[in-house]
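Contents: one structure, followed by commentary.
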Amino acid sequence: MEKTIQQEEQERLEEALRDIEAQLRSIGPRYTGQDFTEQMLDLQREERKGRLEVARKEPYFGRLDFQETPEDGSGDQHAEPKPLYIGKAGVARNGSNELLVVDWRAPVASMFYSFTGGEELAGYTSPDGDVWGHVHLKRNFMIRSGEIVRLVDSYVRGQEEGGVSDEFLLYRLGENKDNKLRDIVSTIQGEQDRIIRADRSKALFIQGVAGSGKTTVALHRLAFLLYQYEGRIRAERMMIFAPNRMFLDYISGVLPELGVGDIGQTTFADWALGLLEHAVTLADPSETMAYWFEEPRTLADIEASSGRWKGSLAFKAAIDERLIALEERIVPETAFVPLDGFTLTPAMMKEWYETDYGDETVMVKRDRLVSRIKRWLESELKHRGVADKKKRSAALAKLNSFVKKIPSFTALQLYASLFKGKTALEGVPKPLAKATSDRLLAGSAAAEDLAPLAYIQLKLYGLRTSPFDHIVIDEAQDYSPFQLEALRLCQRTPSMTVLGDLQQGIHAYAGIGRWHELMELFAEDDTAFFELNRSYRSTMEIIQFANYLLGGMTGGVKPAVPVFRSGDPATAVQTDDEGWLSAIGETVREWHKAGSYDTISVIGRTARECEEIYRYLLDQGEAVSLVQSKQPAYGGGLTVVPVYLSKGLEFDAVLIADGGADKYSEIDAKLLYVGCTRALHKLKLLYRGERTPLLAKWAEEAAD
């Protein structure tokens, strides 16, 4: 009986797994001796073992049959297309250079993502130049525990087709979520692949709508850069900046799944505090969130916020002026005369400072100048044979007195001087100056103070670790220009992936309104801009519902375009104060009973509201967790979360606890948009009293 395609592919899979297992068995135990050469060989074996272990879990996810041909397309019509099996880790056959699995990051594998169907020539760029040919087959696999559980031919040459099918993508998107972000290596789309494979020597800015995969794209980009620039960049000199520790936990599984380790992951606050050697502590960030999210705020509040001012380039310019003034005072204007006939002129000290230490930062040059003056005195005393203890003691006393007059500042001291006394900046409102000064005096700093403090530290003392080879900044719309400028100083040349969504810029009191506010920090040739408008997270109905919320928003951002994945309509249901909590409980029980959702979230407007919902659901016997501002991890299941802490997370089903007019006004459009776009498959909005005016147009069209 003739074998089916599934049977043939299963046999090939089993053969590949036997080969991989044989290679793993041949590696042997770790080397524990002291021989350097053997230690290096052992590291290479461990790297190979890591790749094989990744391949053993899921050897490959795709197959591309490619027939290479000359650029004119003539080619040998009798040559057989070569099947390329593509996986997370490249694997050669045991004892051979022939590839059993092609690494997804290899140049030839790019066609698996860029090919969109048709019989025209396809190609890729190899180290030896462009390669062209014809794709004969594109096949997707889902492999679990050594079995092919799904096989989809998304292209077969010669068969009628209207472009590469989305069947496999839609199947993967329809899967339920757990409590961790997963890799998308098997379903990377063409526009995502272009970002992943972009040149490293730029600052890439990515505007991506909710669910466009921008975070996973950035993480895959790190894995690609390590592969593409092996030996030139190192994982330990890469850094991911995430909005909070819970988000870091949420994304923690992606890079290990791709076989990548040792990449640093932190928040800007933790990084800045470490840079400052914990000279200050961070004021409770939940207090800032409580101020901005627990009570209604206006546009005037946002525009007048201290966070916007302290994060601005105007504030940076004021600090730069103070740093210039400080540097002008470093070199003494009077001669150093420790003893009669001993004279060190200001001109000589200035030459040392500007010429010998010209590339160093201010305080480093200051400290080296002081050391040079001390060495000069010792040299002069020795050269002139001054042995008298009293004279030497007098000379050293004058040295100490002279050196004390050379200005010396810590970052904290210089920053504090901007807000107090005669050295305070002009035009700073007195309440802001006093609050900042009092906080710094107590050894504490607000989140908005960390960027200027980090910047001053770098300008005074420089970076005391190796520069970053590459930086990823997630949720960058909530970054101030000053934050990005501080990070820019930590690289020799720009190499960043800066991503976010202006439509989710809920921290407007500190963030940006347009991407050019950050892009203008770099030379035009050092930047590139990408826009991801297609949302892969939510169903068409959820995306369309969420887009109504943003109605007349500005900023040049296009609305999300959903993939063709249909589901239940998003609904808005009125309730009253007495029945509100019971309506929440009934919805949760209904969704549990349906058995279709692994992760369910009830999203509240404030922390206080969420606490009330959480207590009610606990009393109802639900296994529920409450997300709070200091929480390090998200555990999945049934979760109650304030809307401002939900950003970046995903849930199978989302219930907006109260979408009433008194909860979400026009100024809260982005906040409600964030909450709604957390849902993959199901979205329901309850509201007490009047429904939010943000849904007026949706209600009109739903009624027609």
*Can you give me the three principal axis dimensions of the chain from its C-alpha atoms, in Å, biggest first?*
109, 73, 50
_the chain, relative contact order [Cα under 8 Å, separation at least 6], %_ = 14 percent
*asked:* Using amide H atoms built in the peptide plane, which far-off residues or other-chain residues are under 5 Å from SER596 H to H?
replied: none
_Which order do the peptides 147-157, 675-685 come out in when sorted by mean C-beta neighbours inside 10 angstrom, highest first?_
675-685, 147-157
*For the stretch 433-523, which GluC sites (Glu not before Pro) are both in a DSSP coil and crowded by at most 15 other Cβ atoms within 10 Å?*
GLU520
*asked:* For the chain, what does the helix formula give at 222 nm: sum of -39500 (n - 2.57) over DSSP H segments with n ≥ 4, over the residue count, nearest 500 deg cm²/dmol?
replied: -11500 deg cm²/dmol
*Give, to the nearest whole percent, the P(r) tail of the stretch 5-165 beyond 27 angstrom, counting all Cα pairs.*
34 percent
*Nearest 10 degrees, 0 to 90: helix 313-328 Cα axis against the chain principal axis*: 30 degrees
*Average projected area of the Cα convex hull of the stretch 330-406, in nm²?*
4.8 nm²
_If you fit an axis through the alpha-carbon atoms of helix 214-228 and take the longest principal axis of the Cα set of the chain, what angle between them do you get, 0 to 90°, nearest 10?_
80 degrees
*Counting other C-beta atoms within 10 Å, which of ASP668, ASP501, ASP340 has the fewest, and how do the rest follow?*
ASP340, ASP668, ASP501
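Sorted by average packing, counted as other Cβ atoms within 10 angstrom per residue and highest first, what order do 425-431, 52-58 take?
Numbers: 425-431: 10.3, 52-58: 18.4.
Those peptides, ordered most packed to least, come out 52-58, 425-431.
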*So which GluC sites (Glu not before Pro) in the stretch 573-672 are both in a DSSP loop and have at most 14 other Cβ atoms within 10 Å of their Cβ?*
GLU578
*Counting other C-beta atoms within 10 Å, which of SER625, SER444, SER371 has the fewest, and how do the rest follow?*
SER371, SER444, SER625
_Cα gyration tensor of the stretch 558-703 - equivalent ellipsoid semi-axes, whole Å, descending_ = 22, 18, 16
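Restricting attention to the stretch 226-304, which trypsin sites (Lys or Arg not before Pro) occupy a DSSP loop and are surrounded by at most 12 other Cβ atoms within 10 Å?
Sites meeting the loop and neighbour criteria: ARG232.
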*Antiparallel bridges, percent of DSSP beta bridges restricted to the chain (to nearest 5)*: 35 percent
*Helix 389-404 versus the longest principal axis of the chain: what angle, 0 to 90°, nearest 10, using Cα atoms?*
50 degrees
_Quick check: the distance between the Cα centres of the stretch 420-442 and the stretch 641-660, to the nearest angstrom?_
38 Å
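Every number in this text was worked out from the coordinates using simple rules, so none of it is lab data. Bear in mind the structure is a predicted one, so any value in this text is a computation, not a measurement. Positions of Cβ are generated from backbone atoms using ideal geometry, with glycine treated the same way; all protein chains shown enter the neighbour counts.
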